[in-house]
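FYI, it's all coordinate maths here, none of it is from the lab. Please read all numbers here as calculations on a predicted model, not as lab measurements. Reconstructed Cβ throughout: ideal geometry from the backbone, glycine too, with neighbour counts over all protein chains shown.
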Amino acid sequence: MTNEYTQAVTIAGHDSDGSAGMPADLHAFFARKVYGMGIMTAVVAGNSYGIEAQQVMPVDFIAKQFEVMAADFDIKAAKTGMLADSAVINVVADNLEKYDFGSIVIDPVIITKHGNMLLEEEAYQTFIERLLPLATVITPNFYEAKKLTGLELETKEEILAGARKLQSQGAKNVLIKGRHDDANQLEVSDLLLTEEGDIAWFAEPYVHTTHLNGTGDTLSAVIAAELAKGESVRDSVQTAKTFVHAAIADEIAVGHKFGPINHWAGMEQD
């Protein structure tokens, strides 16, 4: 009976307010009936008003977490989140290469959904060289995809070209998320380019809300959860897209300013 229950791990930072990072990932794993585990890379002191401090975990501690998890559990999928610098990215890449944690979902966390850079240039280059080629699925937001591809991504044809460029850099399956910072837009449309060359667009109505914390984390975590169960990449992305839209559309009243999405609403989609 040991390790028969489906298990997935998030490799990410811990947000103290529970809205994003590792807490959001674990909420998503729980909602998709996958046992969730965590390898902590950083801790963040923040609330709905903003982040005030952070502490990066020592790389030997991160490596030890990988070691003890691999020694005991049968992890079927892993996803990455906040990896603060080159040293952290390197130790994560080293251990994802060393241990078999199943499918790997890379949520870049290099640029915010509003276009602000989160990584120093050295760390960004390390991400490109070490982590991107390990991706079973990579899930950049619109601004991350622009940075990673060097393209403006103004048309569907250009977005597809960007996805193909990311594949040429090593990612097997590419999900480029549509922008969602235009108050006049009617929908958010994401592109999936699969390893087999299949193309799919996933669109949901745009929701006007300030409760968006954890959106990208949750999307990638649901994809990882579904892959851990053995679902196809396309079905995993469809489930994640539907889940996240429901979690955004049905607001939950937590915090005073920028709130979390509602994982309970996502659970009700099955």
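Odds and ends about this structure:
- In terms of the mean number of neighbouring beta-carbon atoms within 10 Å, the peptides 118-131, 59-72, 160-173, 239-252 order highest first as 239-252, 160-173, 118-131, 59-72.
- Separation of the HIS256 and LEU186 label points, Cα + 7 Å toward Cβ, nm: 3.9
- Net charge in the neighbourhood of VAL88 (other residues with Cβ under 13 Å of its Cβ; Lys, Arg +1, Asp, Glu -1) is -4.
- Taking θ as phi - 60° and the Karplus parameters 6.51, -1.76 and 1.60, the scalar couplings of region 68-74 work out to 6, 5, 5, 6, 10, 10, 9 Hz in sequence order, x denoting glycine and proline.
- Taking amide H as placed 1.01 Å from N in the peptide plane, GLN54 has its amide H under 5 Å from the amide H of ALA45, each at least 5 places away in sequence or on another chain.
- Amide H to amide H distances under 5 Å link GLY38 with THR10, where only residues 5 or more positions off or on other chains count and H is placed in the peptide plane.
- Efficiency of FRET from Cβ geometry, GLN269 and VAL56, R₀ 22 Å, rounded to 0.05: 0.05
- Given LYS147/LYS229; LYS156/LYS241; LYS147/LYS177; LYS76/LYS98, the pairs whose alpha carbons are separated by over 20 Å: LYS147/LYS229
- Think of it as helices only: each DSSP H run of n ≥ 4 in the chain is worth -39500 (n - 2.57), and spread over all residues that comes to -11000 deg cm²/dmol at 222 nm.
- Per-residue HN-Hα couplings for region 237-250 [Karplus 6.51, -1.76, 1.60; θ = phi - 60°; Hz; x = Gly/Pro]: 5, 4, 4, 5, 5, 5, 4, 5, 4, 4, 5, 7, 5, 10
- Region 14-91 versus region 177-216: alpha-carbon centroid distance in Å: 24
- 5 angstrom amide H check on SER16, placed H, neighbours 5+ away: VAL44, GLY46
- DSSP beta bridge pairing in the chain, given as percent antiparallel to the nearest 5: 45
- Gyration tensor verdict on region 1-80 (Cα atoms; rounded if a/c is under 1.5, prolate if a/b is larger than b/c, oblate otherwise): oblate
- Inverse of mean 1/r across different Cα pairs in the chain, Kirkwood, Å: 18.3
- The shape of region 136-270 comes out oblate: with a ≥ b ≥ c from the C-alpha gyration tensor, a/c is at least 1.5 while a/b does not beat b/c.
- Averaged over residues, the count of other Cβ atoms within 10 Å places the peptides 255-262, 102-109, 45-52 in the sequence 102-109, 255-262, 45-52, highest first.
- Highest mean packing comes first when the peptides 8-20, 88-100, 188-200 are listed by Cβ atoms within 10 Å, giving 8-20, 88-100, 188-200.
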